[in-house]
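Asks: This is the structure, below, for whatever I ask next.
The values are calculated or read from the model by the stated rules, or taken from the named source; none is laboratory data. Remember, predicted model here, so these are calculated numbers, not experimental data. Positions of Cβ are generated from backbone atoms using ideal geometry, with glycine treated the same way; all protein chains shown enter the neighbour counts.
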Amino acid sequence: MNTNHDELGRLFREACELDSSGRKSLLNNLSQELRDELNNLLEHDEPEAQGLPITITGNDLPLQIQEQLRKPKTSPERIGPYKILQKLGEGGMGIVYLADQEEPIRRRVALKILKPGLDSGEVLARFESERQALSLMNHPNIARVLDARTTDQGHPYFVMDYIQGLSLLTYCDSNQLDIKRRLQLFLQICSAVQHAHATGILHRDLKPSNVLVPDKSGEAIPKLIDFGLAKALGQELTDKTLFTRRGIFLGTPGYMSPEQADLSGLDIDARTDVYSLGAMLYELLVGVLPLELGSENLGYGEVRRIICEEDPIPMSLRLSADRENGDKSSLRLLRGDLDWIALKALSKKPDDRYQTVAELKEDIQRHLNQEPVRARPPTLGYRLRKIVYRNKVITAAVLGAFFTLVPMLIIIGYLVSRLP
């Protein structure tokens, strides 16, 4: 074949940034020759395994590592002081192993190491950026970095908590969680993202598969993982130069904000993560993404157009259109506050969204507390209904007294009028 290697390398980098549906769209727009070559490379780029922190990102040397990719993959016996048990997953940039730390304490960990051969400046910078982002944060809902080293061969790696759990959607569905319990889990995720922002870190790839939910002693504590696309706010995560290529999606289209999909090169801020949280909330409560991006025939331009121009329909309307899942109780719970909250988080213009994750979190908590939410127009009738819902016992007592007192007053008035 006379494949243009530069073109194949560029396509490989782009494909590594995409999820499975995005890759299919890319492949469908290629010639048969390029499609075969790219498929051959991508066969070795395994999807995320067991929900561990796998970063799908591009690399600069795809052709130089083809031979390594085609070799049978065997796990090393040790990496540094860690005994390797098995490979858990692999992405475009790193390999994650299950390992045992034997000293100074014994514990099971997840070890992520840069793939051999991926030693270009950009890949090293992204790997180091993820490592630094995780090390800066200390939150119960974020996977911790326990160690960071370099092998004798010069391959950087870092060691994280090994999280045994299910992805967010799988956990909620398998445990048949109701809307209230799903919202309570979502509030914990918001707290994790809020902490990341306070530390100066944007996640930029928030989605349910990047949240694991271990269930220990009946307590569900979701863990946010995979900061491979993290971006620093007002600081440098690494002294290595990190370029974001224009014209390449960084993130997952279904959860990507319009400004992130626009590829204009403009800076993004915390409101991008707010949008992604809005998409997660929508999917968590309805079971589908807010925008239809699943068609294999959609090209990059059409995907960008949908994200930037098409508005999602309210969750309650989406659920009512699904006859299988559109039960009346869920429709009643979604219609109103939750519709307004999700649509505000998913606003096309950043200025129209919640300006911080804290604002989104506060509105969900207000909804759970039967307080007026800020996303909804503050009409008098709406506020009165909220007062009634929050004070059902007092309201019932007042109404009971009212309906008892009124007849008595009427009778007394009638008797007084009959007096001589």
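Asks: For the range 1-116, list the helices (runs of 4 or more DSSP H) that sit wholly inside it and hold at least 3 residues that are over 30 Å from TYR162 (Cβ atoms), modelled with pLDDT under 80 and among the polar types (S, T, N, Q); which are they? It would help to see each step written out before you state the result.
Replies: Details: elements: 5-16, 20-28, 32-42, 66-70.
By residue number, 32-42.
Asks: Looking at the range 152-198, which of its residues are more than 16 Å from the chain's Cα centre (by Cα) and among the aromatic types (Phe, Trp, Tyr)?
Replies: Answer for the range 152-198, where residues must be more than 16 Å from the chain's Cα centre (by Cα) and among the aromatic types (Phe, Trp, Tyr): TYR157, PHE158, TYR162.
Asks: Search the range 286-303 for residues being surrounded by 19 or more Cβ atoms within 10 Å (Cβ to Cβ) and outside any loop (DSSP other than H, G, I, E, B), and hand back the single one that is modelled with the lowest pLDDT.
Replies: The residue in question is TYR300.
Asks: Out of (1) modelled with pLDDT of 90 or more; (2) in a strand (DSSP E or B), the odd one out for LEU185 is which?
Replies: Condition not satisfied by LEU185: (2).
Asks: Now a separate question. Among residues belonging to the range 135-173 that are in contact with a helix residue (DSSP H, G or I) (Cβ under 9 Å, 6 or more places away or on another chain) and β-branched (Val, Ile, Thr), point out the one that is nearest to GLY94 (Cα to Cα).
Replies: VAL145
Asks: Right, another one. Can you find, within the range 168-201, the residue that is farthest from HIS367 (Cα to Cα) among those that are of a type in the set (Gly, Ala, Ser) and surrounded by fewer than 20 Cβ atoms within 10 Å (Cβ to Cβ)?
Replies: Checking each candidate, the answer is GLY200.
Asks: Just to be sure, is LEU212 under 24 Å from VAL159 (Cβ atoms), hydrophobic (A, V, I, L, M, F, W, C) and part of a strand (DSSP E or B)?
Replies: Answer is yes for this residue.
Asks: Still on this structure: Is it true that SER174 is of a type outside the set (D, E, K, R) and within 22 Å of LEU146 (Cα to Cα)?
Replies: It is false that SER174 is of a type outside the set (D, E, K, R) and within 22 Å of LEU146 (Cα to Cα).
Asks: Quick one: would you say PRO156 is assigned by TED's automatic domain parsing to the domain that holds MET315, surrounded by fewer than 21 Cβ atoms within 10 Å (Cβ to Cβ), touching a residue at least 12 places away in the same chain (Cβ under 8 Å) and under 23 Å from ASP100 (Cβ atoms)?
Replies: So PRO156 fails the test.
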